[in-house]
Amino acid sequence: MSKLGSADNRLKVAIVGAGPSGFYAADALINSELKVEVNLLEKLCAPYGLVRTGVAPDHPLIKKSIEKFALMAEPEEFNYFGNVSVGEDITIDDLKETHHAVIVTMGAETDRKLGIPGEDLKGSHTATEFVAWYNGHPEYREREFDLSHETAVIIGQGNVAADVARILSKTVDELKFTDISQHALDVLETSKVKNIYIVGRRGPAQGAMTSKELKEFGELWDCDTFVDPEEVILNKASEDELADRNGRAKRKIYELFCDYAQPKKPHKARQFPWTKPYVKPRQCHIQFLRSPVELKGNKKLEKVIFEKNALSGDPFKQSARGTGELEELDAGLLFRSIGYRGVPLDGVPFHDAWGVIPNEKGRVTKDDVVVPQLYTAGWIKRGPSGIIGTNKACANETIAELMQDIEKLDNKKEKLGNKKIHEILDAKKVRYINFIEWEVIDKHEVENGKPKGKPREKFTYTDEMLGLLT
């Protein structure tokens, strides 16, 4: 056969997962020196992964990257198969049989567990499901969140925890012109939540959210943010961490925590500043050096039991250890946000303890031996780290390794690529969609949002989306 990557023997690559890393991998392949055919498969109708279903609706600028990904889908070498579940509708073995290489970029789809008694009580949720619910993810559309209790607790102090807390803290008027899903807005409008606790196991010098996210807690219309002044007092190792020449970002975060520890003054009303100053009706409490050890309740969450921690160790190597001192907090709602983890895919090795696909620079491995044809990129490759743009370098690294393997890839028989994907899915009567069909759905969402002053009104059921195409 002709040389792999030539005009009459294109390098055929299947990519599983249409989030940022999937698009960046496709783009790197298409812009390589080789002739390629790239087939991107996604279990949802909608592409873009967490940019669509994970980024907070009140952060519209971050979602602008969708426009860039849409441009990446324009080349003729790119084929999109939406509403296709790899592992059910088509297998990894099918893709290996029909492609020279398969790249798994399915992200980290769930949260790590706390591993404490009562974690499965009603009212205890993952941050992932709440974020997906208010962002209109079809698989989470029917989730229910009881916001009738006055107190909600978020375990974790990263940016996802900040997003959850901010959505609970905001008024409907602050959210109604975003792309938040209408069903979520309706529930939030009836919320009785008044006290939101964002709890971390370490101290303010180790805060994981960015200063931008943290600053937003001082800009909420009807919610004040509090930090106990005693909790911003640092031990010597934490002081050394902030004094380090590379600690500028952490110092900025710490200074914001200190700002929130200052006494609050009554606020002037936003709409009628001449009226009597008032105290904002909601309060967001950021707490440190606590770990949940038990959730209690009669069939549903009623109390969260915390153990207070103390830091020990050298700067940048401090660990939080329990002191034995317990405290309890009445709460009816809890979200754990202590890190995303991936889920296994049939036919692909998986490191369960780490929640990732084992790999060497993107080459999938099993027992430290490289598995031919299989590659990975994104969070399922490296774990949940970085920002959207981080996935570009991650995907480029994987594609560079794939390019080095060109001579090793199976080129003994013709690979049918997207032609065979069509045949397999058609035989199973799977209703998959291409990118042009996705753009039809996308256009309807944008049009539906205009009367409400929203950038879009998302369809939250797959059948609704497919119904537009018949």
Exercise for the section: Output the direction-averaged projected area (hull surface divided by four) of the convex hull of the alpha-carbon atoms of the stretch 360-470, in nm². Expected result: 11.0 nm²
Practice task
Using all C-alpha to C-alpha distances in the stretch 112-339, build P(r) with 10 Å bins and read off the rounded percent in each one.
Solution key: 8, 31, 35, 20, 5, 0
Practice task
Quick one: how many lysine pairs does the stretch 277-348 have with C-alpha atoms less than 30 Å apart and a gap of 8 or more or different chains? Give me the count, please.
Solution key: 8
Exercise for the section: Could you size up the charge dipole of the chain around its Cα centre, putting +1 on the beta carbon of Lys and Arg and -1 on that of Asp and Glu, and report it in debye to the nearest 20? Expected result: 960 debye
Practice task
Kindly provide the helix-only [θ] at 222 nm of the chain, computed as the sum of -39,500 (n - 2.57) over DSSP H runs of four or more divided by all residues, to the nearest 500 deg cm²/dmol?
Solution key: -8000 deg cm²/dmol
Practice task
First measure r as the distance between the Cβ atoms of residue 262 and residue 450, then evaluate 1/(1 + (r/R0)^6) with R0 = 45 Å and state the FRET efficiency to the nearest 0.05.
Solution key: 0.60
Fill in the blank from the handout: Distance in nm between residue 299 and residue 352 label points, each 7 Å along Cα→Cβ, equals 3.3 nm
Practice task
Given a cut-off of 31 Å, name the pairs among 122/450; 63/381; 113/429 whose C-alpha atoms lie farther apart than that in the structure shown.
Solution key: 122/450; 113/429
Problem - Projected label distance in nm at residue 85 and residue 239, using a 7 Å step from Cα toward the beta-carbon - result: 5.7 nm
Fill in the blank from the handout: Of the convex hull drawn through the C-alpha atoms of the chain, the volume per residue in Å³ is 167 Å³
Completion exercise
So the compactness index of the stretch 420-470, its C-alpha Rg divided by 2.2 N^0.38 Å, takes the value 1.38
Exercise for the section: Could you work out how far apart the two model spin labels at residue 147 and residue 330 are, taking each label as a point 7 Å from the Cα in the direction of the beta carbon, and quote it in nm? Expected result: 2.2 nm
Completion exercise
Mean Cβ-within-10 Å packing, highest first, puts peptides 96-109, 443-456 in the order 96-109, 443-456
Fill in the blank from the handout: Proxy exposure order for 221, 379 (fewest C-beta within 10 Å first) is 221, 379
Completion exercise
The equivalent-ellipsoid semi-axes of the stretch 1-123, taken as the square roots of five times the Cα gyration tensor eigenvalues and listed largest first in whole Å, are 32, 19, 11
Handout entry: Inter-part distance where the stretch 319-364 and the stretch 155-196 are each reduced to a Cα centre, Å
Key = 24 Å
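Quick note: the coordinates plus some simple rules give every number you see, no bench work behind them. Just so it is clear, the model here is predicted, and its values are computed rather than measured. Here the Cβ is made from the backbone with ideal geometry for all residues, glycine too, and neighbour counts use every protein chain on show.
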